[in-house]
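Everything below concerns the one structure shown next.
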């Protein structure tokens, strides 16, 4: 199955897609020959062979609560390739180290809003004039995640409670006051990993209450990551406020 170009996007979305287009080309080259999962059957088969691994709360990031591993039958799933998993784990470990240095509590979790999408679901997103979805997206390869750039979770009694940028849902009550340092650290860490060639970073909707960090793992991240320590990468992360 191939993904066709959808209807014309709304003006603001079309402008943002034009900005993102050159940034996405790196990962599109990286994963040009990668398997793109058409449906849940293929995803289950890949889980059985180890080509994909299930993703849960790892102490640093938490999959969006709507995730259920195989529900709905076609959609976005909480699974990644070992390379995608390594990218997510490394991002979380480095960010946690930096957050501890500035006194941010360990109960914070980054919100993972998208991982592996079936080709069918990607097609639906492409056809929506308000999404930034691309027909050449690497999400169906299992190597790519989206991290919410304007919201995160606070674990309270083992329950993940969402904390959102005040401009996102103005009528909503927040369990904690939104801390902009957390999103700033996430972006800084992702920039370091990208500069080292470990991931491709594509910041989406920058400076808005709907900001997102789209990160795709390099094909050789498992080998490359062996040359770095978490402390090294954290030390290269510039945070100022």
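Worth pointing out:
- Spatially, the range 101-137 and the range 32-64 are offset by 14 Å when compared through their Cα centroids.
- Distance (nanometres) between label positions extended 7 Å along Cα→Cβ at residue 181 and residue 23: 2.5
- Taking every DSSP helix (H) stretch of at least 4 residues in the chain, weighting each as -39,500 (n - 2.57) and dividing the sum by the residue count yields a mean residue ellipticity at 222 nm of -11000 deg cm²/dmol.
- Each label point was placed 7 Å from the Cα along the Cα-to-Cβ direction; for residue 161 and residue 210 their separation is 2.7 nm.
- Whole-number percent relative contact order across the chain, with pairs defined as alpha carbons under 8 Å at least 6 apart: 24
- Here the convex hull built on the C-alpha positions of the chain has a volume of 131 cubic angstrom per residue.
- Only Cα sites of the range 94-234 enter the Debye sum here, all with the same form factor; the resulting log10 I(q)/I(0) across q = 0.13, 0.14 1/Å is -0.65, -0.75, listed in q order.
Values quoted throughout were computed directly from the atomic coordinates according to the rules given, and no laboratory measurement underlies them. Because the structure is predicted, anything quoted here is derived from the model rather than measured. Every residue, glycine among them, receives a Cβ derived from its backbone with ideal geometry; neighbour counts consider all protein chains shown.
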